[in-house]
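All remarks here apply to the structure that follows.
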Amino acid sequence: MNEPRLLIVGLGLIGGSLAAALKETGFPGEIVACDRNPRELEQALSQGIIDAGDTSMVNLLPRTTLILLAVPVLSMQTVLVELARLLDKGLVDRERLVITDVGSTKASIRAATIEAFGKIPSNLVLGHPIAGSERSGVAAANPRLFDRHKVILTPEKDTAPDALARVRRLWQACGAEVMEMTVERHDQVLARTSHLPHLLAFSLVDTLARQHQRQDIFRYAAGGFRDFTRIAGSDPVMWRDIFLANRDAVLDALDDFQAGLAGLRKAVEQADGDSMLAIFDRASHARRYFDTLLNQSSYQAGYQIMQQTILSFRVSPGGSVSRRIRVPGDKSISHRSIMLGALAEGVTEVSGFLEGEDSLATLQAFRDMGVAIEGPSQGRVTIHGVGLHGLKPPPGPIYLGNSGTGMRLFAGLLSGQAFDSELTGDASLTKRPMNRVAEPLRQMGAQIDTAPEGRPPLKIRGGQALKGIDYEMPVASAQVKSCLLLAGLYAKGETRVREPAPTRDHTERMLSGFGYPVRREGDTAILSGGGTLQAGPIDVPADISSAAFFLVAAAITPGSDLILEHVGINPTRIGVLNILRAMGADLELSGQQEVGGEPVADIRIRYAPLRGIDIPVDQVPLAIDEFPALFIAAANACGTTRLRGAEELRVKESDRIQAMASGLDILGVTNTVREDGIDIEGRAEKDDDGSRVHYGGGRIDSLGDHRIAMAFSIAGLRAGEPILIENCANVATSFPGFVDLANQVGMLIETETREGS
Ligand code: S3P
């Protein structure tokens, strides 16, 4: 940093801490300070954090290249006017000079600047470090105050880039993370995250302090009171100035808060436990979410820019697979348990719930629509159903992350509501086709807008009268079928959905379990609107789609012997078992039983040599999510495996045919991509005794698709070299804990993270 002289105007906690921080990092220039209070200057000189001080700026300005204004917000105007006057006298090289500030509100300081200079000078960069303490004065200066904290700069359109860069460097030297936003946004955000909480703390302490039992109240007030009111010890003058300066934004924030408080007051008054639980639960989860963000980078004021972490798996070659394990709960059933539980009358207790990001997004969406949901805690969730017509409008767009199932099922369900809604998702979901649900829903009378080519976001207009339709699905899709059945709950008359091939029937089973009549006539599922759902317990089986990775792992690895417990073996999901058996896998089912309308079993699998097959087309919808794992089985089989009729794989979380083909190419497994499938040349030989490696390693991009990442993880068992799989964070959407479980059974996977942009 080339700043021969830094002048700090106003030596309080912030100005003093900046001086202290710069001294500690070996700032090469002089640090001088101006303060009205000579005692503050003496204190700073004795602490060795400034080189010179004065009660007026005049003597300090010569040679100054950077001025930092750190006076209270309402004193800023006077200081700026004085500064403008002195600069006109030519006391300083104006070409070189940069001015910045640390005020907690920005619009008022910008106005004061215009007042003083007639415009905002291009060498002036307004800023605000989001750091502080309830202590004040230079004696409280802390050289670490800004370390890993945010500093917000609010440059104008014509701010000089060099001035901005120099202010950035100043803060970065103190360990701060610098970000930019507009003045208006800064003031709105701060009003909510900093000013409002201070106002509440001052008010609560003052209210209690004025009551006549104050001695008692304060004597017995412990944890909660202390935590909530720490900031009421802050500098009163400074805070008065902030509220005077940021009046409008604070009033907006206060109005929102008062509306929330009024809602809670009513709930308490009416002993409305469900409403209280809904609010507390939402808040408690939001707070925990905030904590996890907070822990990534220390950040005091509470608004965050989500830091994307890029996760990779480094898979060492070799290993074998043995043990008795239970993989997490079924994703499809978990989504539906929350949806139907929320729409039912009464309380639904769910066990075995998948605490993955996709099903948690569904859960959060219902919380946002006013449903009280307890948990999840170790797979247990309690849903206080609100009935088919009890949902409330969500406060904003519903974010469904990576989840196509979530978006398509919600589209049906929300088409029948009285309120408008909007469904959004992550980059992968935003590319996925939604016309397959939007078009039939429109035939039912729904009003839905999509982005071009039927992509998300979906905007759904509430209050439409839906009517049942007789719909023949062009693709075999359980998501489309379920979407239409959910809309059918709100439609007049019968909704009939005909499927070209059987698809998973969890929606129908769960509706029946909740006492809602659903019929099947051949290949058509039928229900009539206008009924009710009665809550009941749901035991979510382990997900056969997650089990598939371990089934294939054991199937391809000599010496393996694995038992997977309590796996859902719904006949519409067991394509993977049928295909592996046809390839020669040694599979055994035991302990078959039915839990909550879904069949489950323990599955034992031991190594046996596999052979390539032509996959029967009727098995494709029954194994639709398991092909990434099955392609790895094919790569380890003897002979060619051919898949056809699977064009749906191209519109999953990634184009799974291409993503797998690219990864197989890198490993050195010959394959030929077809429009609707793939041919894979297995690497095993007829007389394979299990000791050979089957292919090499390399660096593979999972394209953010959870199942591609897990498929190549198991490929490592027969690889000759390490496999580095990139972009694996989405494994948490369906299989939290995958790496730990994989390592427990004998695979060799390490995780690596780095920060993304
Ligand atoms: C699902 C249905 C399948 C499947 C998805 C989950 C469901 O999609 O791929 O992971 O829960 O209904 P399609 O029905 O679109 O094939």
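The values are calculated or read from the model by the stated rules, or taken from the named source; none is laboratory data. The shown structure was predicted, so the numbers you read here are calculated from the model rather than taken from an experiment. Cβ coordinates were reconstructed from backbone atoms using ideal geometry, including for glycine residues, and neighbour counts include every protein chain displayed.
Counted as qualifying within the range 687-757 are the strands (runs of 3 or more DSSP E) with 1 or more residues that are at positive phi and surrounded by fewer than 19 Cβ atoms within 10 Å (Cβ to Cβ), namely 698-701.
Before we move on, is R606 charged (D, E, K, R) and under 23 Å from R324 (Cα atoms)?
For R606, the condition - charged (D, E, K, R) and under 23 Å from R324 (Cα atoms) - is met.
The single residue among G416, G468, G462, G406 that is buried (at least 24 other Cβ atoms within 10 Å of the Cβ) and more than 16 Å from the ligand (Cβ to nearest atom) turns out to be G416.
Here the range 422-459 is the region considered, the condition is being assigned to a helix (DSSP H, G or I) and over 23 Å from D705 (Cβ atoms), and the residue that is farthest from the ligand (Cβ to nearest atom) is P452. Here Y490 fulfils each of the conditions (1) within 13 Å of the ligand (Cβ to nearest atom); (2) among the hydroxyl-bearing types (S, T, Y); (3) over 28 Å from D625 (Cβ atoms) apart from (1).
Looking at the structure I just gave you, is A165 more than 29 Å from V237 (Cβ to Cβ) and without any contact (Cβ under 8 Å) to a residue 12 or more places away in the chain? Yes.
Residues that are within 27 Å of R650 (Cβ to Cβ) and modelled with pLDDT of 95 or more within the range 735-757 comprise F735, F738, listed in sequence order. Being crowded, with 18+ Cβ neighbours inside 10 Å and under 34 Å from the mean Cα position of the chain (by Cα) holds for only one residue in I130, I109, I99, and it is I130. Just checking, does the range 526-542 include any residue being closer than 30 Å to F712 by Cα, outside any loop (DSSP other than H, G, I, E, B) and in contact with a Leu (Cβ under 8 Å, 6 or more places away or on another chain)? Scanning the range 526-542, I find at least one residue that is closer than 30 Å to F712 by Cα, outside any loop (DSSP other than H, G, I, E, B) and in contact with a Leu (Cβ under 8 Å, 6 or more places away or on another chain), so the answer is yes. Within the option set A623, A646, A601, A661, being over 23 Å from G404 (Cβ atoms) and of a type in the set (G, A, S) holds for one residue only, A601. Just one residue in the set L153, L170, L208 is in the same structural domain as G233 (by TED's automatic domain parsing) and either at pLDDT 95 or above or over 29 Å from the mean Cα position of the chain (by Cα) (or both); that residue is L208. Can you say whether K467 is over 28 Å from A623 (Cβ atoms) and among the basic types (K, R), as far as the supplied structure shows? Here the answer is yes, as K467 does meet what is asked. If the condition is being in contact with a helix residue (DSSP H, G or I) (Cβ under 6 Å, 6 or more places away or on another chain) and in contact (Cβ under 8 Å) with a residue 40 or more places away in the chain, then the range 168-190 contributes C174, V183, D187, Q188. Has the range 378-397 got any residue that is within 16 Å of the ligand (Cβ to nearest atom) and touching a helix residue (DSSP H, G or I) at 6+ places or on another chain (Cβ under 8 Å)? There is no residue in the range 378-397 that is within 16 Å of the ligand (Cβ to nearest atom) and touching a helix residue (DSSP H, G or I) at 6+ places or on another chain (Cβ under 8 Å). Taking the listed residues T503, T430, the one that is in the same structural domain as Y399 (by TED's automatic domain parsing) and touching a strand residue (DSSP E or B) at 6+ places or on another chain (Cβ under 6 Å) is T430, with no other qualifying.
Kindly provide the set of residues from the range 460-497 that are assigned to a strand (DSSP E or B) and farther than 23 Å from G645 by Cα, ordered by number.
I460, R461, K467, D470, K492, E494, T495, R496
Within the range 327-360, track down each residue that is among the acidic types (D, E), modelled with pLDDT of 95 or more and either within 12 Å of the ligand (Cβ to nearest atom) or in contact with an Asp or Glu (Cβ under 7 Å, 6 or more places away or on another chain) (or both). D330 - this is the single residue of the range 327-360 that is among the acidic types (D, E), modelled with pLDDT of 95 or more and either within 12 Å of the ligand (Cβ to nearest atom) or in contact with an Asp or Glu (Cβ under 7 Å, 6 or more places away or on another chain) (or both).
Restricting the first member to the range 527-541 and to residues that are touching a residue at least 24 places away in the same chain (Cβ under 8 Å), and the second to residues that are in a loop (DSSP other than H, G, I, E, B) and among the acidic types (D, E), the beta-carbon pairs closer than 9 Å and six or more apart or on different chains are V540/D330; P541/D330.
Taking L622, is it surrounded by 21 or more Cβ atoms within 10 Å (Cβ to Cβ), within 16 Å of the ligand (Cβ to nearest atom) and not charged (D, E, K, R)? Considered against the rule, which asks whether it is surrounded by 21 or more Cβ atoms within 10 Å (Cβ to Cβ), within 16 Å of the ligand (Cβ to nearest atom) and not charged (D, E, K, R), L622 comes out as yes.
Pairs meeting the criteria (first residue in the range 552-577 and surrounded by fewer than 23 Cβ atoms within 10 Å (Cβ to Cβ), second residue of a type in the set (K, R) and in a strand (DSSP E or B), beta carbons under 8 Å, at least 6 apart or on different chains) are D561/R604; D561/R606; I563/R323; I563/R324; I563/R604; E565/R324. The test for being surrounded by 14 or more Cβ atoms within 10 Å (Cβ to Cβ) and over 23 Å from R282 (Cβ atoms) does not hold for Y399. Quick check on the range 136-145. Is at least one of its residues more than 31 Å from the chain's Cα centre (by Cα), without any contact (Cβ under 8 Å) to a residue 40 or more places away in the chain and either in a helix (DSSP H, G or I) or not assigned by TED's automatic domain parsing to the domain that holds R240 (or both)? Scanning the range 136-145, I find no residue that is more than 31 Å from the chain's Cα centre (by Cα), without any contact (Cβ under 8 Å) to a residue 40 or more places away in the chain and either in a helix (DSSP H, G or I) or not assigned by TED's automatic domain parsing to the domain that holds R240 (or both), so the answer is no. The sole residue among T159, T193 that is in contact (Cβ under 8 Å) with a residue 12 or more places away in the chain and part of a loop (DSSP other than H, G, I, E, B) is T159.
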